[in-house]
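Have a look at the structure below, then the notes.
Quick note: the coordinates plus some simple rules give every number you see, no bench work behind them. A quick note: this is a predicted structure, and the numbers were derived from the prediction, not measured. Here the Cβ positions follow ideal geometry from the backbone for every residue, glycine too, while neighbour counts run over all protein chains shown.
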Amino acid sequence: GEDVEQSLFLSVREGDSSVINCTYTDSSSTYLYWYKQEPGAGLQLLTYIFSNMDMKQDQRLTVLLNKKDKHLSLRIADTQTGDSAIYFCAESNNNNDMRFGAGTRLTVKP
Amino acid sequence: DAGVTQSPTHLIKTRGQQVTLRCSPKSGHDTVSWYQQALGQGPQFIFQYYEEEERQRGNFPDRFSGHQFPNYSSELNVNALLLGDSALYLCASSLGLLRTDTQYFGPGTRLTVL
């Protein structure tokens, strides 16, 4: 079946930029997403990008999509301790279900 | 404006029992999707309800069933519980089909099967 893969851990210092990477296999993906999950909480949609775009910026967040390589990244500028959480990459196609990666645990050190 | 709510927050059951989880969608939303999130994993799509019908289903056995009510709230039922059903069950709501860009998740129900 289709897979979404991401590295499990990332550690950065407060104020640095964080880059979380994701690869997917479904070439028919229509939307690609980044969700944030804090301990004991549900998923918070951070941003999403249509498959016909290659970049989207939203305040401190920048999403880059390389459709040819099926590679998605999320850059968080000026990372803060409150950004510590698990970040999930997800994709969907016109079937309207979503496939998630296993999540990247971001730790921000002061 | 209330977001997606789920009940109960936590639940402990034993193998072979049956469980019902409940979800109220965000105000104005009419579509509800359910996901299972095992510990250390990403969520996996179970099924989606729209207009009181199951519209899409993931790779889950028939022990997992659901229902949507006229007020758009939804239930997830799991029969003959197995230890492997222990997980966080997430409900997500959206407005209409094909609108995963506006999908909001609830806080989840943590199910433990002993």
Discussion item. As an exercise, use a Förster radius of 41 Å and the Cβ-Cβ distance of residue A:53 and residue B:14 to find the FRET efficiency, rounded to the nearest 0.05.
Written reply: 0.25
Discussion item. How charged is the neighbourhood of residue A:75? Take every other residue with its Cβ under 13 Å from the Cβ of residue A:75, and add Lys/Arg as +1 and Asp/Glu as -1.
Written reply: -2
Worksheet item: Relative contact order for chain A: what is it in percent, counting Cα pairs under 8 Å that are at least 6 residues apart?
Response: 38 percent
Fill in: the protein assembly as shown: C-alpha pair distances exceeding 25 Å, %
40 percent
Item to complete: Just order A:28-40, B:76-88 by mean Cβ neighbour count inside 10 Å, highest at the front, would you?
Response: A:28-40, B:76-88
Worksheet item: Given N residues in chain A, what is Rg(Cα) / (2.2 N^0.38 Å)?
Response: 1.01
Practice prompt. Note down the relative contact order for chain B as a percent, whole number, built from C-alpha pairs under 8 angstrom at least six residues apart.
Written response: 36 percent
Discussion item. What Kirkwood Rh does chain B have if only Cα atoms enter the pairwise 1/r average? Answer in Å.
Written reply: 13.9 Å
